[in-house]
1. Order these peptides, 2-10, 176-184, by their mean beta-carbon neighbour count within 10 angstrom, highest first.
2. Suppose a student asked you for the relative contact order of the chain, using Cα pairs under 8 Å spaced at least 6 residues apart; what percent would you report?
3. Rounded to whole Å and sorted largest first, what semi-axes of the equivalent ellipsoid does the C-alpha gyration tensor of segment 92-155 yield via the square root of 5 times each eigenvalue?
4. Using the alpha-carbon atoms, what tilt in degrees (0 to 90, nearest 10) does helix 152-164 show relative to the longest principal axis of the chain?
5. Could you rank the peptides 134-140, 12-18 by their average count of other C-beta atoms within 10 Å per residue, with the highest value first?
6. Specify the inter-centroid distance of segment 114-169 and segment 65-79, based on alpha-carbon positions, in whole Å.
7. Of all beta bridges DSSP finds with both residues in the chain, what is the antiparallel percent, to the nearest 5?
8. Compare the peptides 217-228, 104-115 by average per-residue count of other Cβ atoms within 10 angstrom and give them in order, highest first.
């Protein structure tokens, strides 16, 4: 704050102090004028615009037969909801562009709520890729070269997926990987607790009432790697796994 701003804040608290007095007090304390910020920091931008930001990236998976597969995904920053759009051994620009078209169709009317897309400078993201989002009113923001932290939400999802799932499996092929990712996407969006969302999953329904008297059941998912615990409620749509105990 500048001297005048501080004077105004004090006046609102009932203290009438001259600007010169405030200046002398700050100078004696070694506090100079507040630095002028011409634009918000990257963290401030992400926080204030989270509801309208998408982030995308690729991750690679090596199969047991030494074949490399690439997975393309998009994340909604505000809710942390992830869309695993597809996997391929040859991620061309045309293939990636088609996946984005499919995403916008799946989002439907919700697509109009997004204003920014964060991506890196991978050559797979072609001019046509950007034009698909631009036509939908989404501005594409490219991260600086070799700056993974600028796309931190996507990078963190990749790390989470590897630590919780992929590092514990031998992937046989494309069909096997697709099955594993489908199960993990459901778990990540519908069940996994997220620190940035007060330990709620992305698709958590606000105001959901939980019957604390009902039994707890365990459900194994992602080929048995991950356990999910749920109440035996009629509305949760979960079939209990009677093969184990909570």
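1. By packing density, highest mean first, the sequence is 176-184, 2-10.
2. On the way: 319 pairs, mean separation 33.7, N = 246.
Relative contact order here is 14 percent.
3. Those come to 20, 15, 10 Å.
4. 40
5. On the way: 134-140: 14.1, 12-18: 8.3.
Averaged packing, sorted descending, gives the order 134-140, 12-18.
6. Here the two parts' Cα centres lie 10 Å apart.
7. Working: 24 of 31 bridges.
Counting only bridges with both partners in the chain, antiparallel ones make up about 75 percent.
8. Most protected by this proxy first, the peptides run 217-228, 104-115.
We did not get these values from a lab; they are worked out from the coordinates using the rules stated. It should be emphasised that the depicted structure is a prediction, and the values quoted were computed from it without experimental measurement. Cβ sites come from the backbone with ideal geometry, for glycine too, and all protein chains shown count toward neighbours.
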